[in-house]
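The values are calculated or read from the model by the stated rules, or taken from the named source; none is laboratory data. Nothing here was measured: the structure is a model prediction, and the numbers come from that model. Using ideal geometry, Cβ is built from the backbone for each residue, glycine included, and neighbour counts are taken over all protein chains shown.
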Amino acid sequence: MREQWLKRWREGRIGFHLAQTHPALVRHWKALEVPRRAKILVPLCGKSLDMRWLSELGHPVLGVELAPEAIEQFLAQRSGEISRYHQAGFDIARQGSVELWQGDFFHLHIRQVDEVEAFYDRASLIALPPATRQRYALHLAQLVPPRAKGLLISLQHCDDDAGPPYSVSQEEIDELFMPNFRLAKLEEGAPDERGFVESVWALERRGPLT
Ligand SMILES: C[S@@+](CC[C@H](N)C(=O)[O-])C[C@H]1O[C@@H](n2cnc3c(N)ncnc32)[C@H](O)[C@@H]1O
């Protein structure tokens, strides 16, 4: 899977990338009432412009992404100074208040994200095959502190086996996140021309992990 993502980025097959901030982020983020200076973890971040939007609201952003191309393309959109360093297997580039960690999200350790207070997932959970989604939900719960809030933008379509993007049902979202998060569905869109239906969820990390 890892190799497939790297190949997609090398070949520019990134149909998932949006040329604008995701409208659901703009509609729902403020209602989460995440404090303005809270640092936001963005797993599997690609070169999403949503990170710029969050940083322009005042949030420091920590994005994690496998593909170096994604990170370089994100940085190239702006002329701001870039500082680079290396930490525990990740190549890190910082531009303004956005830090991009190049490496595997599953290798990120809680010590490395101890300032994170909230998270944002658009097309991250649905990028992962079924067996890995369980691991993702638990890893996310381990990385963020109790009461951390987050927005999840997920997707359903009619072929359960095809992906990415994988179809993730409401039942699966409940199963994955309910043990460690309070969960509220904020909206479900109309099917697009491919029959893809996006849903938007507010999450809040519960107390001790289960
Ligand atoms: C469907 S894209 C979504 C990107 C971004 N969230 C967006 O909204 O545009 C999934 C991204 O996750 C990256 N990715 C896949 N597995 C990863 C992993 N284990 N660690 C970090 N990044 C990963 C891929 O390279 C790809 O850029």
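When only residues in the range 9-24 that are in a helix (DSSP H, G or I) and free of Cβ contacts under 8 Å to residues at least 12 places away in the same chain count, which is surrounded by the fewest Cβ atoms within 10 Å (Cβ to Cβ)?
Glu11
Conditions: (1) out of contact with any strand residue (DSSP E or B) (no Cβ under 6 Å at 6 or more places or on another chain); (2) at pLDDT 95 or above; (3) away from the ligand (no atom under 16 Å from the Cβ); (4) of a type outside the set (S, T, N, Q). Ala70 meets all but one. Number of the miss?
Of the numbered conditions (1) out of contact with any strand residue (DSSP E or B) (no Cβ under 6 Å at 6 or more places or on another chain); (2) at pLDDT 95 or above; (3) away from the ligand (no atom under 16 Å from the Cβ); (4) of a type outside the set (S, T, N, Q), the odd one out for Ala70 is (3).
Need the failing condition index for Arg194 against (1) of a type in the set (Lys, Arg); (2) within 14 Å of the ligand (Cβ to nearest atom); (3) modelled with pLDDT under 95, just the number.
(2)
Collect the residues in the range 28-45 that are within 13 Å of the ligand (Cβ to nearest atom), of a type in the set (A, V, I, L, M) and either without any contact (Cβ under 8 Å) to a residue 40 or more places away in the chain or touching a strand residue (DSSP E or B) at 6+ places or on another chain (Cβ under 6 Å) (or both), keeping them in residue-number order.
Ile40, Leu41, Val42
One line per residue, one yes/no per condition, for (1) within 12 Å of the ligand (Cβ to nearest atom); (2) surrounded by 14 or more Cβ atoms within 10 Å (Cβ to Cβ); (3) within 18 Å of the chain's Cα centre (by Cα):
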{"position": "Val26", "(1), (2), (3)": "no, no, yes"}
{"position": "Ser48", "(1), (2), (3)": "yes, yes, yes"}
{"position": "Ser55", "(1), (2), (3)": "no, yes, yes"}
{"position": "Leu66", "(1), (2), (3)": "yes, yes, yes"}
{"position": "Ser79", "(1), (2), (3)": "no, no, no"}
{"position": "Trp101", "(1), (2), (3)": "yes, yes, yes"}
{"position": "Glu115", "(1), (2), (3)": "no, no, yes"}
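Give the residue, chosen from Leu186, Leu140, Leu176, Leu75, that is in contact with a helix residue (DSSP H, G or I) (Cβ under 8 Å, 6 or more places away or on another chain), surrounded by 18 or more Cβ atoms within 10 Å (Cβ to Cβ) and not in a loop (DSSP other than H, G, I, E, B).
Leu176
Looking at Ser55, Ser48 in this structure, which one is in a loop (DSSP other than H, G, I, E, B) and in contact (Cβ under 8 Å) with a residue 40 or more places away in the chain?
It is Ser48.
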